[in-house]
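K.L.:
My questions all concern the structure below.
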Amino acid sequence: MCGLAPASLDVLLLMVELRRSKKSDEYNPKLEGDPDNEAIDTGKIETKKPYAQQRPANTALRQQRLKAWHPILTHSTVLPLLFGLGVFFAVLGAVMYWSALQVNELTIQYSTCRDEAPQNNLAPIPSKYVSYRFHSSNKSMYENPPQWSKTPVPPGPGREDNPARFNCTLYFTIPAQMDSSVFLYYKLTNFYQNHRRYMKSIDSEQLLSKPRTADQLQDAECKPLGKDPVSGLSVYPCGLIANSVFNDTFQSPVLLDQNNQPQSTYEMSENNIIWSGEAKRYRTPTYSANDVVPPPFWQGAEGPFGYPSGRYEEGKLFDPSKNEHFQVWMRTAAFPTFRKLYMRNDTAPMQAGRYSLLVGDNYPVDMYGGTKSIVISTASWIGGRSFMIGLSHIAVAALCFALGIVLTAKQIIKPRRVGDTSFLSWNKPHKQH
């Protein structure tokens, strides 16, 4: 007797199971009158829908008949794809890397100016504090290295006991013309704006000038800088971010003549330094000057964001909607080393030559072991002088080439037999039992 083929046996078992299921769905009148049957009352008997009505709708989606494309991955399709992707990413990465090289950039660290620079005299800035990244072959930056000096700032009335404040003047050479746009950034290191508690220490409703009591601020994310412990008034603006706002100042660079005398000023604007849409997060405050107090670091301080009396005065309440430097600072950075835009020039190139830059040295960085620098830079179509994007594309290209070479070698040494429909089970001759 010939045995059934495995496929025929599966079909037979499926037909038997369907007949059993159909019989179990039919109504059995013998169950009426059975005390074990809960549906003795014919009015309570729930008749099931016919089996055909329980099927899903006869549509391509419900019946899973949608068209699909299943590519067959073979060496003749995968290898050209890998090498093609490698060429694409290599070319794109090389273009991005070359574009980043075209960005001119000067960085000068001035953290120790008040300690190392001479007063009212010029001295060379240590080379470890200076970084030139120009693609020009002009060597004037080495012949005339950067210098600095410091000048004491007279204290305000009644502030004679305060620590001495200094202005730091930086002298540097631009070896080649910097085409517009030219940007001036300040750069901080070892400052963790990405700390979770620091990032959450802000009250957005207060910055939108919505009514917020001192207790509400103290119980919210601004704690412990939501309520002044002495007066019991609300701190405005509250939180750790606003309290630690960067308050150094920079004036526009001045082009010098051969005698280091001012010749012309390269005007830079402090407007349009924020991202689009950021201004919507701030409104002119409606608070009274007697109802709020400045943050602790602002109280008794001089310079920008400083209130020597420790209180707001009528007509001098801080307005975040008109201070773009504050808005830039409130956008927290993702890494402990970051730069933030301070001013820019989009209309005129910065001529090559010797320049001076006056810095109001107010922001302390030694207390947390950080540094601060100025960065004067241009930009390309991919942004500033950052090689990360270009190198990442080149790395992907290298990975594609490596995989392509490995798979090519494997195909040559030990080729894989391409799938053949004759090996499918329903195309194989069935064995007789």
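The values are calculated or read from the model by the stated rules, or taken from the named source; none is laboratory data. Small disclaimer: the values here were computed from a predicted structure and weren't measured. Note that each Cβ is placed from the backbone with ideal geometry, even for glycine, and that neighbours are counted across all protein chains shown.
K.L.:
Looking at the structure I just gave you, is SER288 at pLDDT 90 or above, among the hydroxyl-bearing types (Ser, Thr, Tyr) and farther than 20 Å from LEU184 by Cα?
P.N.:
no
K.L.:
While we're here: As an exercise: evaluate PRO253 against (1) within 30 Å of LYS187 (Cβ to Cβ); (2) out of contact with any Phe, Trp or Tyr (no Cβ under 7 Å at 6 or more places or on another chain); (3) modelled with pLDDT of 90 or more and give the number of the one condition it does not meet.
P.N.:
That leaves (2) as the condition not met.
K.L.:
Another question, then. Answer yes if at least one residue in region 112-125 is touching a strand residue (DSSP E or B) at 6+ places or on another chain (Cβ under 6 Å) and among the hydroxyl-bearing types (Ser, Thr, Tyr), and no otherwise.
P.N.:
There is no residue in region 112-125 that is touching a strand residue (DSSP E or B) at 6+ places or on another chain (Cβ under 6 Å) and among the hydroxyl-bearing types (Ser, Thr, Tyr).
K.L.:
Looking only at region 276-286, which residues are touching a helix residue (DSSP H, G or I) at 6+ places or on another chain (Cβ under 9 Å) and assigned to a loop (DSSP other than H, G, I, E, B)?
P.N.:
TYR282, ARG283, THR284, PRO285
K.L.:
Would you call GLN299 in contact (Cβ under 8 Å) with a residue 24 or more places away in the chain and either buried (at least 18 other Cβ atoms within 10 Å of the Cβ) or out of contact with any Ser or Thr (no Cβ under 7 Å at 6 or more places or on another chain) (or both)?
P.N.:
No: the conditions fail for GLN299.
K.L.:
Can you tell me how many residues in region 411-421 are modelled with pLDDT under 70 and not in a loop (DSSP other than H, G, I, E, B)?
P.N.:
Total meeting the criteria: 1.
K.L.:
Moving on. Taking region 205-235, which residues are touching a strand residue (DSSP E or B) at 6+ places or on another chain (Cβ under 9 Å) and in contact (Cβ under 8 Å) with a residue 40 or more places away in the chain?
P.N.:
Result: LEU225, ASP228, SER231, LEU233, SER234, VAL235.
K.L.:
Sticking with this structure for a sec: Yes or no: ALA164 closer than 26 Å to TYR266 by Cβ and either outside the structural domain of LEU122 (by the TED database) or hydrophobic (A, V, I, L, M, F, W, C) (or both)?
P.N.:
Judged against the criteria, ALA164 is not a match.
K.L.:
For the subset of region 254-296 comprising residues that are small (Gly, Ala, Ser) and more than 34 Å from the chain's Cα centre (by Cα), which member is surrounded by the fewest Cβ atoms within 10 Å (Cβ to Cβ)?
P.N.:
SER288
K.L.:
Of all residues in region 186-220, how many are of a type outside the set (A, V, I, L, M, F, W, C), farther than 17 Å from PHE326 by Cα and touching a Ser or Thr at 6+ places or on another chain (Cβ under 6 Å)?
P.N.:
1
K.L.:
Of all residues in region 313-352, how many are of a type in the set (Lys, Arg), in contact (Cβ under 8 Å) with a residue 40 or more places away in the chain and outside the structural domain of GLY370 (by the TED database)?
P.N.:
Residues flagged as of a type in the set (Lys, Arg), in contact (Cβ under 8 Å) with a residue 40 or more places away in the chain and outside the structural domain of GLY370 (by the TED database) within region 313-352 amount to 0.
K.L.:
Please return the ranges of strands (runs of 3 or more DSSP E) entirely within region 296-398 where 1 or more residues are on the phi > 0 side of the Ramachandran plot and in contact with a strand residue (DSSP E or B) (Cβ under 6 Å, 6 or more places away or on another chain).
P.N.:
Ranges flagged: 353-361.
K.L.:
Restricting the search to region 224-249, which residues are over 21 Å from LYS280 (Cα atoms) and over 26 Å from the mean Cα position of the chain (by Cα)?
P.N.:
PRO224, LEU225, GLY226, LYS227, ASP228, PRO229, VAL230, SER231, GLY232, LEU233, SER234, VAL235
K.L.:
If the requirement is being under 37 Å from the mean Cα position of the chain (by Cα), more than 30 Å from TYR185 (Cβ to Cβ) and modelled with pLDDT of 55 or more, which of these qualifies: LEU85, LEU61?
P.N.:
Result: LEU85 is the single residue among LEU85, LEU61 that is under 37 Å from the mean Cα position of the chain (by Cα), more than 30 Å from TYR185 (Cβ to Cβ) and modelled with pLDDT of 55 or more.
K.L.:
Restricting to region 371-388, give me the number of residues that are modelled with pLDDT of 90 or more, surrounded by 16 or more Cβ atoms within 10 Å (Cβ to Cβ) and of a type outside the set (Gly, Ala, Ser).
P.N.:
Here the count works out to 6.
K.L.:
Of the residues that make up region 83-95, is at least one in a loop (DSSP other than H, G, I, E, B) and either touching a Phe, Trp or Tyr at 6+ places or on another chain (Cβ under 6 Å) or among the β-branched types (Val, Ile, Thr) (or both)?
P.N.:
No, region 83-95 has no match at all.
K.L.:
Another question about this same structure. Return the residues of region 231-243 that are assigned to a loop (DSSP other than H, G, I, E, B) and surrounded by 18 or more Cβ atoms within 10 Å (Cβ to Cβ); say none if nothing qualifies.
P.N.:
Scanning region 231-243 gives TYR236, PRO237, CYS238, GLY239.
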